[in-house]
Amino acid sequence: MVLGAPLAACRRIDVEPLSLTDFRSDGHRWMLRSSGVPVAAKAARSQSGKAAS
């Protein structure tokens, strides 16, 4: 129970295939920071940053 929600609530978090879902903790609670970020877009940004340097 990362979010402190019942197991049935996990069905309500829609995670896209081949995407990033980011959970963060401040030591007291967990937060869903982002969900559904395309991995291909992140890789493309990473590659363009390397090409610019």
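The values are calculated or read from the model by the stated rules, or taken from the named source; none is laboratory data. This one's a predicted model, so the numbers in the text were calculated from it and none came from an experiment. Counting neighbours? That spans all protein chains shown, and the Cβs are built from the backbone with ideal geometry, glycine included.
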How about the stretch 31-53: which of its residues are modelled with pLDDT of 80 or more and either among the polar types (S, T, N, Q) or assigned to a strand (DSSP E or B) (or both)?
31, 32, 33, 34, 35, 36, 37, 38
Residue that is farthest from the chain's Cα centre (by Cα) [pool: residues in the stretch 1-30 that are of a type in the set (Gly, Ala, Ser) and modelled with pLDDT of 80 or more]:
27
Of all residues in the stretch 15-30, which are of a type outside the set (Ser, Thr, Tyr) and surrounded by 12 or more Cβ atoms within 10 Å (Cβ to Cβ)?
16, 20, 23, 30
